[in-house]
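Everything below concerns the one structure shown next.
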Amino acid sequence: MKLKNFLIILFLASFFSLKAQKNTDVLMTIGGNPVTVGEFKYIYEKNNGDKADYSEASITEYLDLYKKFKLKVAKAKDMKLDTIQALNDELAGYRTQLANSYLMDKEVMNNLYKELYDRMDHDIDVSHIVVTLPKNPNDSQRKAAEDKINEVYAKLKSGERFEKLAAEYSDDKLSASTGGRIGFFTAMMPNGFYEFENAMYSLPAGQYSEPFTSKLGYHIIKVNGIRPAKGRVEVAQILIRKEATDKTGDEAKTKINEVYTMLNNGADFDEMVAQFSDDKQTKTKGGVLPEFGINQYSKEFEEEAFGLKNVGDYTKPFETNVGWHILKKVKDVKKDNFDIFKRKIEPKLKKDERYEIAQNELIEGIKKDAHYTLNTMVLNEFIDSLDADFYTFKWKPSEAPYMQKPLINFDGGYTKSLSDFAEFCKKNTRIRLKYEDNVPTTEVVNELLNQFSKEEALNYEQQNLEAKYPDFKSLMREYEEGILLFEATKMEVWDKANQDTLGLYQYYENNKNNYTWNKRAKVSKYILHGTDQEKGEEVVKYAEKSDPESVVKEFGKEFIEVIPVEYDLSSNELYGVVKEKNAVSNLKVDKPSGLMMFKKIEEILPARRKTLEESRGYVIADYQSYLEDKWVRQLKNDFNVEVNDKVLKQLIKK
């Protein structure tokens, strides 16, 4: 990661909620600029995480760090770095990136996370009446289905029994025979059934809903009961399938009972799985199935699985349409904590219809609060000007004067003209070209306008994030100060350390005893291409009394490669080697690579000081620290720092 990015994001960890109490009190002033309790608590908690205990030692340490940080920011502003256009453009770029995701995360995702997390605590026993629709219904099919469900709803309101109407009207013939009852369900429902989920979690037991739609068609549901969620479970199974010749299942039943008897007599469950189970997917895994919740297997299977109380308990043999089973509880699957849940569910939520529904609700709320208006006369003038070219790539917006008229308006003078909308239409060929030119132009334009107004509503709201969300304001302050800190430190420390050759040399001369070599060994590292150990030992013996050139000449450069290296005498590379001249390590044979290797110490080098060139990297790093300390001392003289001791004491927890 680049150093600049590292410094800027150093202060950009997770957000923490700050109590409003005394957050506006001034903790300290630096160069006349106040730092409030709220600002300090925000950055202290964020960067210390679980260690933010508000102890005197912790607060004192972090306050000192934050003083230095704010002193550097004050200097950056004194240097007018906050007026440099390139830096302001960089900050604007960061803001755009943050704002695009912040509003959705804050107002959409967080609400969806909490809603779903809370709903998962309960299972809902549901009955429904459904009037299905074909995959791509026409207007008459949709009207007929809507009339039918409304007829059912009217009869419910007049007092007719739900179960009777389900049997008479529901297109789900399987559940119609049982009064529409489809059993227990829990969140999250499959994509396309968010309104179904909303209805079942909003009704008390015994009540029915108004008609609503899903991907299947029109529904009315009734909540029969509510229970604590079964959650999820992980079990292992022994499965004995019914063979085609075993129509009654007697053979499978006899076999599973034999297995059950063996288990009761102390047989190992895993061994029984390996020996008898017909489930090829789990047979080699101890019979373990992936963890599951309700409505993933048959009713009989789930009742047995969720009926197991303790890990290690197993069921009696039971039958499903697949065959005969014995289940063993493998583990309790506890509900994830909220943070883990969010990370797991985020990708799925963003692909679910609920995300788009919640986003549309947010946008409609923004429009309402900002008194959004549409100039329909201007829009109609635009529609009337369009021809068949509008459905093609070659269409271009008109340059007529009326194109500059305002089309949509928000509070505060945020306005977009007809020309802005026309450019949007030009870029969105995907929407324009998906229609045939016999589709009314009004229909195409309205779809484009809907998308355009959504984007502009979000743009409008993003302009007001600092005023509406204090934590976003704090985040942008961090980005701004991070950029200024980076530039000021670069100019005052990093560039000087790299460019001030005279200062660097003088620093080295004053501190050269800090840069030394310990005793080292000059080593020849021999790599032999082959695994003939006898020949390798011959090379080792020859190398003990010869220099590398002679060894290569004797055995051939195709067979031997010699690499000169230097190691500190304490290095692990010399483990097992006598630390003296001409000492040779044992031969190592690596058959997979087809190589052999040994090392020989050619010379022991005494300890000495490193030259500036040899220690340049270390010297530059230390010189930077020296310059920074010197800079901070100067800043403390240039900018007055005053700490409100009374406010500080109130911040510290004894």
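State yes or no: is residue 549 modelled with pLDDT of 95 or more, out of contact with any Asp or Glu (no Cβ under 9 Å at 6 or more places or on another chain) and loosely packed, with under 14 Cβ neighbours inside 10 Å?
Numbers: modelled with pLDDT of 95 or more: yes; out of contact with any Asp or Glu (no Cβ under 9 Å at 6 or more places or on another chain): yes; loosely packed, with under 14 Cβ neighbours inside 10 Å: yes.
Against the criterion (modelled with pLDDT of 95 or more, out of contact with any Asp or Glu (no Cβ under 9 Å at 6 or more places or on another chain) and loosely packed, with under 14 Cβ neighbours inside 10 Å), residue 549 qualifies.
Got a number for residues in the range 492-509 being among the hydroxyl-bearing types (Ser, Thr, Tyr) and surrounded by 14 or more Cβ atoms within 10 Å (Cβ to Cβ)?
Summing the residues that are among the hydroxyl-bearing types (Ser, Thr, Tyr) and surrounded by 14 or more Cβ atoms within 10 Å (Cβ to Cβ) in the range 492-509 gives 2.
Suppose we filter the range 565-614 for residues that are among the aromatic types (Phe, Trp, Tyr) and out of contact with any Leu (no Cβ under 9 Å at 6 or more places or on another chain); how many remain? Before you say what the answer is, go through the steps one by one.
As a first pass, look at the range 565-614 and keep what is among the aromatic types (Phe, Trp, Tyr): 567, 575, 598.
From what is left, the residues that are out of contact with any Leu (no Cβ under 9 Å at 6 or more places or on another chain) are 575.
The total comes to 1.
Which one is surrounded by the fewest Cβ atoms within 10 Å (Cβ to Cβ), of the residues in the range 296-319 that are in contact with an Asp or Glu (Cβ under 8 Å, 6 or more places away or on another chain) and not in a helix (DSSP H, G or I)? Talk me through it step by step, then tell me what you get.
Within the range 296-319, the subset in contact with an Asp or Glu (Cβ under 8 Å, 6 or more places away or on another chain) is 296, 300, 311, 315, 318-319.
With the extra rule that they be not in a helix (DSSP H, G or I), the set shrinks to 296, 311, 315, 318-319.
On the way: 296: 13, 311: 11, 315: 20, 318: 14, 319: 15.
That would be 311.
Out of 46, 41, 67, I need the residue that is out of contact with any Cys (no Cβ under 7 Å at 6 or more places or on another chain), more than 20 Å from residue 646 (Cβ to Cβ) and part of a helix (DSSP H, G or I). Which one? Outline the logic, then answer.
Numbers: 41 fails: more than 20 Å from residue 646 (Cβ to Cβ); 67 fails: more than 20 Å from residue 646 (Cβ to Cβ).
Being out of contact with any Cys (no Cβ under 7 Å at 6 or more places or on another chain), more than 20 Å from residue 646 (Cβ to Cβ) and part of a helix (DSSP H, G or I) holds for just one of 46, 41, 67, which is 46.
All but one of (1) in contact with a helix residue (DSSP H, G or I) (Cβ under 8 Å, 6 or more places away or on another chain); (2) without any contact (Cβ under 8 Å) to a residue 12 or more places away in the chain; (3) not charged (D, E, K, R) hold for residue 307; state the number of the condition that does not hold.
Against the list (1) in contact with a helix residue (DSSP H, G or I) (Cβ under 8 Å, 6 or more places away or on another chain); (2) without any contact (Cβ under 8 Å) to a residue 12 or more places away in the chain; (3) not charged (D, E, K, R), residue 307 comes up short only on (1).
Please list, ordered by residue number, the helices (runs of 4 or more DSSP H) wholly in the range 139-235 having 3 or more residues that are touching a residue at least 40 places away in the same chain (Cβ under 8 Å) and either out of contact with any Lys or Arg (no Cβ under 8 Å at 6 or more places or on another chain) or crowded, with 18+ Cβ neighbours inside 10 Å (or both). Don't jump to the end; show me each part of the working.
Values: elements: 139-157, 162-169, 173-176, 194-202.
Per the criteria, 139-157, 194-202.
For the range 322-339, name all the residues that are aliphatic (A, V, I, L, M), touching a Lys or Arg at 6+ places or on another chain (Cβ under 8 Å) and part of a strand (DSSP E or B). Before the answer, list the steps.
Taking the range 322-339 as the starting set, the residues that turn out to be aliphatic (A, V, I, L, M) are 322, 326-327, 330, 333.
From what is left, the residues that are touching a Lys or Arg at 6+ places or on another chain (Cβ under 8 Å) are 322, 326, 333.
Across the range 322-339, the qualifying residues are 326, 333.
Condition check: at pLDDT below 95 and either of a type in the set (Ser, Thr, Tyr) or surrounded by 14 or more Cβ atoms within 10 Å (Cβ to Cβ) (or both). Does residue 287 satisfy that?
On the way: at pLDDT below 95: no; either of a type in the set (Ser, Thr, Tyr) or surrounded by 14 or more Cβ atoms within 10 Å (Cβ to Cβ) (or both): yes.
No; evaluated as a whole, the condition is false for this residue.
Are there any pairs with C-beta distances below 8 angstrom linking a residue in the range 583-604 that is surrounded by 11 or more Cβ atoms within 10 Å (Cβ to Cβ) to a residue that is among the acidic types (Asp, Glu) and assigned to a strand (DSSP E or B), with the two at least 6 apart or on different chains, and if so which?
Listed pairs, sorted by first residue: 596/590; 597/590.
Kindly indicate which of 327, 349 is within 30 Å of residue 288 (Cβ to Cβ) and assigned by TED's automatic domain parsing to the domain that holds residue 277.
Values: 349 fails: assigned by TED's automatic domain parsing to the domain that holds residue 277.
Going through 327, 349 in turn, the sole match is 327.
Out of (1) closer than 24 Å to residue 573 by Cα; (2) in contact with a Leu (Cβ under 6 Å, 6 or more places away or on another chain); (3) assigned to a helix (DSSP H, G or I), what's the single condition that is false for residue 623?
The single condition residue 623 does not satisfy is (1).
Of the conditions (1) in contact (Cβ under 8 Å) with a residue 60 or more places away in the chain; (2) under 17 Å from residue 118 (Cα atoms); (3) surrounded by 13 or more Cβ atoms within 10 Å (Cβ to Cβ), residue 338 satisfies every one except a single condition; which number is it?
Condition not satisfied by residue 338: (3).
From the list 48, 88, which one is in the same structural domain as residue 628 (by TED's automatic domain parsing) and either over 17 Å from residue 633 (Cα atoms) or surrounded by fewer than 18 Cβ atoms within 10 Å (Cβ to Cβ) (or both)? Steps first, answer last, please.
Working: 88 fails: in the same structural domain as residue 628 (by TED's automatic domain parsing).
Unique residue meeting the criteria: 48.
The values are calculated or read from the model by the stated rules, or taken from the named source; none is laboratory data. Just so we're clear, the structure is a prediction, and the values are computed from it rather than from any experiment. Every residue, glycine as well, gets a Cβ built from its backbone with ideal geometry; the counts of neighbours run over all protein chains shown.
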